[in-house]
Amino acid sequence: MESRILIIDDDKELCALLAEFLTLEGFNVSSVHDGADSIELCRTESFSAIVLDVMLPRVQGFDVLRRLREFSETPVIMLTARGDATDRIVGLEMGADDYLPKPCNPRELAARLRAVLRRSDHRGSEPKRGLLECEDLRLNPADRSVHFADEALKLTTAEFNVLAVLMERAGTVVDKETLSQQALGRALTAYDRSIDVHISNLRKKIPEQQRELIMSVRGVGYQLTLSSAN
């Protein structure tokens, strides 16, 4: 089945260019050029992934993302102004799975889409992880659910993948390059803070008294410090 991709961008020429390339790459592509319209469309139709521009008419991209995350966990790749690190970090903090600077390379966009889709589709052909349990933290790859004690944690695709990598290696330090490769499906680049932001988001979603379970190891990476893992 073709993956359905929605491009939300008011640059119609860019949308047409990206749609043409992505269609040749095997994606089923739709476009919408207004923030408010995109939200209503996502309420009524299902997409495999969304490509979302920050600058949009009526409703800005960050507001679209915030409202999408109220009812949808569909992977989102943000398109941000080249060199604007603030937009990238804000987008990740609000629940985006990845970002690309504009103007973006269509081939790189296709690669990023495949990465987020591969990691969000638990029906894929890759071997399934078993249930991961570390004391009160439980991650089930079969339905991509996470619970802390009896509380369900609502995670984005990227957050889920980062946590899964940490839980598989509970008690050991995982470097950022490994986290980026295995959780995001891409190499870590200079000044890339994606992993840091996803970790920060994870900590906010864990009950406050337990947020130190994910420890920073300066200059290296992160460690899940629970005492047992199954």
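Annotated for the chain: lysine pairs at least 8 residues apart or interchain, Cα distance under 24 Å, count 8. Overall shape: oblate for the stretch 23-84, with the ratio a/c of the largest to smallest alpha carbon gyration tensor axis at 1.5 or above and b/c at least equal to a/b.
What nm distance separates the two modelled labels at Arg186 and Arg66, each placed 7 Å from Cα along Cα→Cβ? In this crude spin-label approximation the distance works out to 2.5 nm.
Between Arg211 and Arg43, the contour length at 0.36 nm per residue exceeds the alpha carbon distance by 57.2 nm. Which stretch or stretches of the stretch 160-191 have amide N atoms under 20 Å from the point lying 7 Å from Val220's Cα along the Cα→Cβ direction? So the set is 162-183, 188. Model label sites at Lys204 and Asp143, defined 7 Å from Cα along the beta-carbon direction, differ in position by 2.7 nm. Taken along the Cα-to-beta-carbon direction at a fixed 7 Å, the label points for Ala81 and Arg58 span 2.4 nm.
Here the chain carries DSSP beta bridges of which approximately 50% are antiparallel, counting only pairs with both residues inside. Relative contact order for the stretch 144-209: 35 percent, from Cα pairs under 8 Å spaced at least 6 residues apart, divided by residue count.
Once divided by 2.2 N^0.38 Å, the Cα radius of gyration of the stretch 4-120 becomes 0.94. Distance between Cα centroids, the stretch 86-109 to the stretch 19-69: provide it in whole Å. So the two Cα centres are separated by 13 Å. The fraction of Cα-Cα pairs per 5 angstrom bin, counted from 0 for the stretch 132-224, comes to 3, 13, 28, 28, 18, 7, 3, 0 percent, rounded to whole percents.
Basic side chains Lys and Arg get +1 at the Cβ, acidic Asp and Glu get -1 at the Cβ, and with that the dipole of the stretch 132-224 about its Cα centre reaches some 320 debye. Backbone amide hydrogens, once placed in the peptide plane, bring Lys102 within less than 5 Å of Thr80, Ala81, Arg82, excluding anything fewer than 5 places away on its chain. Both radii were evaluated on the Cα set of the chain; the Rg over Rh quotient, with Rh as the Kirkwood radius, amounts to 0.97.
Read the figures in this text as sums done on the coordinates, not as results from a lab. Remember, predicted model here, so these are calculated numbers, not experimental data. Counting neighbours? That spans all protein chains shown, and the Cβs are built from the backbone with ideal geometry, glycine included.
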